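Trainee: Got a structure here, written out as structure tokens. Questions coming.
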């Protein structure tokens with residue numbers, strides 16, 4: 001381990017919050033940060049400082065990495081739907097007995113004017129679409145396209161950061177590659193231009209992709225919202241400044 005005055009923290013990320021946290025931690029004397037990205041997108045949000053890209057190989061691989069790199073603290077700032085790595089991180093941190101924090105952006109909340117149908121999974125979302133949608137704005141990511149591929153009577157506008165692989169199962173429609181943050185005016189234009197009657201979205205939370213929810217509210221478009229999966233027990237904060245405060249507290253423990 002590092003000296004009592006110096007801590008090494010592993011930040012599991014790929015989110016905007018993780019990049020922001022990495023930038024703030026880089027200016028803190030006494031903390032060395034290593035950021036880990038899953039490598040699922042071609043041009044991820046890369047934080048400041050040391051960066052590693054790729055998976056760990058499950059709990060055992062992460063335990064080995066934590067020991068090899070002499071990690072003192074672990075912050076899980078992954079996407080709210082990347083719950084497998086969150087459970088792996090919880091198990092690994094427990095195994096090596098180091099403090100762990102989850103930085104989880106708040107989920108979106110339904111407000112007056114929203115026409116939401118909340119479901120537990122992408123499969124459930126596909127079932128909802130069967131009998132009540134004709135033109136769908138699908139924004140659940142390229143890895144989930146196959147779940148909707150059997151819906152041949154529906155036209156999909158599929159937005160994602162990177163295009164799907166050549167052999168990927170893709171529903172009928174059009175692919176739009178783009179990265180947030182998105183703005184309300186453009187989101188409304190998309191819904192109107194493509195005559196969208198339903199949006200499918202994960203409840204990712206945050207501001208970067210919330211404009212489509214606002215646009216749907218203003219235009220009266222139905223939104224099928226996939227609820228967040230469960231996360232492991234443990235300390236949680238909802239914003240970067242709170243994560244920095246947690247780190248500073250641990251630095252002086």
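The values are calculated or read from the model by the stated rules, or taken from the named source; none is laboratory data. What you see is a predicted model; the values in this text were computed from it and never measured. Backbone-built Cβ (ideal geometry, glycine too); neighbour counts: all protein chains shown.
Trainee: Failed condition for residue 89, given (1) in contact (Cβ under 8 Å) with a residue 12 or more places away in the chain; (2) surrounded by fewer than 16 Cβ atoms within 10 Å (Cβ to Cβ); (3) part of a helix (DSSP H, G or I), with all others met?
Mentor: Among (1) in contact (Cβ under 8 Å) with a residue 12 or more places away in the chain; (2) surrounded by fewer than 16 Cβ atoms within 10 Å (Cβ to Cβ); (3) part of a helix (DSSP H, G or I), residue 89 violates only (2).
Trainee: Follow-up question, since we're still on this one. Is one or more of the residues making up segment 175-198 outside the structural domain of residue 99 (by TED's automatic domain parsing) and under 20 Å from residue 120 (Cα atoms)?
Mentor: Yes, segment 175-198 has at least one match.
Trainee: Would segment 138-152 turn up any residue that is under 23 Å from residue 112 (Cβ atoms), crowded, with 16+ Cβ neighbours inside 10 Å, under 21 Å from the mean Cα position of the chain (by Cα) and modelled with pLDDT of 95 or more?
Mentor: Yes, segment 138-152 contains a residue that is under 23 Å from residue 112 (Cβ atoms), crowded, with 16+ Cβ neighbours inside 10 Å, under 21 Å from the mean Cα position of the chain (by Cα) and modelled with pLDDT of 95 or more.
Trainee: So, one more: Just the residues that are in a helix (DSSP H, G or I) and either surrounded by 18 or more Cβ atoms within 10 Å (Cβ to Cβ) or modelled with pLDDT of 95 or more (or both), please, taken from segment 68-86.
Mentor: Once the filter is applied, which keeps residues that are in a helix (DSSP H, G or I) and either surrounded by 18 or more Cβ atoms within 10 Å (Cβ to Cβ) or modelled with pLDDT of 95 or more (or both), segment 68-86 yields 85, 86.
Trainee: Okay, next question. Given the conditions (1) in contact (Cβ under 8 Å) with a residue 40 or more places away in the chain; (2) surrounded by 14 or more Cβ atoms within 10 Å (Cβ to Cβ); (3) more than 21 Å from residue 215 (Cα to Cα), which single one is not true for residue 121?
Mentor: (2)
Trainee: Among the residues of segment 127-152, which ones are assigned to a loop (DSSP other than H, G, I, E, B), without any contact (Cβ under 8 Å) to a residue 60 or more places away in the chain and under 18 Å from residue 226 (Cβ atoms)?
Mentor: 130, 149, 150, 151, listed by residue number.
Trainee: Given the condition assigned by TED's automatic domain parsing to the domain that holds residue 33 and closer than 15 Å to residue 13 by Cα, answer yes or no: does some residue in segment 91-99 qualify?
Mentor: No; the residues of segment 91-99 include none that is assigned by TED's automatic domain parsing to the domain that holds residue 33 and closer than 15 Å to residue 13 by Cα.
Trainee: Return the residues of segment 165-218 that are within 18 Å of the chain's Cα centre (by Cα), surrounded by 17 or more Cβ atoms within 10 Å (Cβ to Cβ) and free of Cβ contacts under 8 Å to residues at least 40 places away in the same chain; say none if nothing qualifies.
Mentor: Across segment 165-218, the qualifying residues are 180, 182, 211.
Trainee: What is the one condition in (1) surrounded by 15 or more Cβ atoms within 10 Å (Cβ to Cβ); (2) under 18 Å from the mean Cα position of the chain (by Cα); (3) at pLDDT below 95; (4) not in a helix (DSSP H, G or I) that residue 43 does not satisfy?
Mentor: Failing condition for residue 43: (1).
Trainee: Filter segment 238-253 for residues that are under 21 Å from residue 210 (Cβ atoms) and surrounded by fewer than 18 Cβ atoms within 10 Å (Cβ to Cβ) and give the result.
Mentor: Once the filter is applied, which keeps residues that are under 21 Å from residue 210 (Cβ atoms) and surrounded by fewer than 18 Cβ atoms within 10 Å (Cβ to Cβ), segment 238-253 yields 238, 239, 241, 242.
Trainee: If residue 61 satisfies every condition in (1) under 24 Å from residue 202 (Cβ atoms); (2) without any contact (Cβ under 8 Å) to a residue 12 or more places away in the chain but one, which is the exception?
Mentor: Going through the list (1) under 24 Å from residue 202 (Cβ atoms); (2) without any contact (Cβ under 8 Å) to a residue 12 or more places away in the chain, residue 61 breaks only (1).
Trainee: Can you tell me which residue among 119, 51, 111 is farther than 27 Å from residue 173 by Cα and modelled with pLDDT of 95 or more?
Mentor: 111
Trainee: For residue 106, which of the numbered conditions (1) outside any loop (DSSP other than H, G, I, E, B); (2) within 24 Å of residue 17 (Cα to Cα); (3) touching a residue at least 24 places away in the same chain (Cβ under 8 Å) fails to hold?
Mentor: Evaluating residue 106 over (1) outside any loop (DSSP other than H, G, I, E, B); (2) within 24 Å of residue 17 (Cα to Cα); (3) touching a residue at least 24 places away in the same chain (Cβ under 8 Å) leaves (1) as the failure.
Trainee: So which residues in segment 153-169 are part of a loop (DSSP other than H, G, I, E, B) and modelled with pLDDT of 95 or more, if there are any at all?
Mentor: 153, 154
Trainee: Restricting attention to segment 178-197, does a residue exist that is more than 25 Å from residue 128 (Cα to Cα) and in contact with a strand residue (DSSP E or B) (Cβ under 8 Å, 6 or more places away or on another chain)?
Mentor: The answer is yes, given that some residue of segment 178-197 is more than 25 Å from residue 128 (Cα to Cα) and in contact with a strand residue (DSSP E or B) (Cβ under 8 Å, 6 or more places away or on another chain).
Trainee: Quick check on my filter: what residues within segment 49-108 are out of contact with any helix residue (DSSP H, G or I) (no Cβ under 7 Å at 6 or more places or on another chain) and at positive phi?
Mentor: 54, 57, 70, 97
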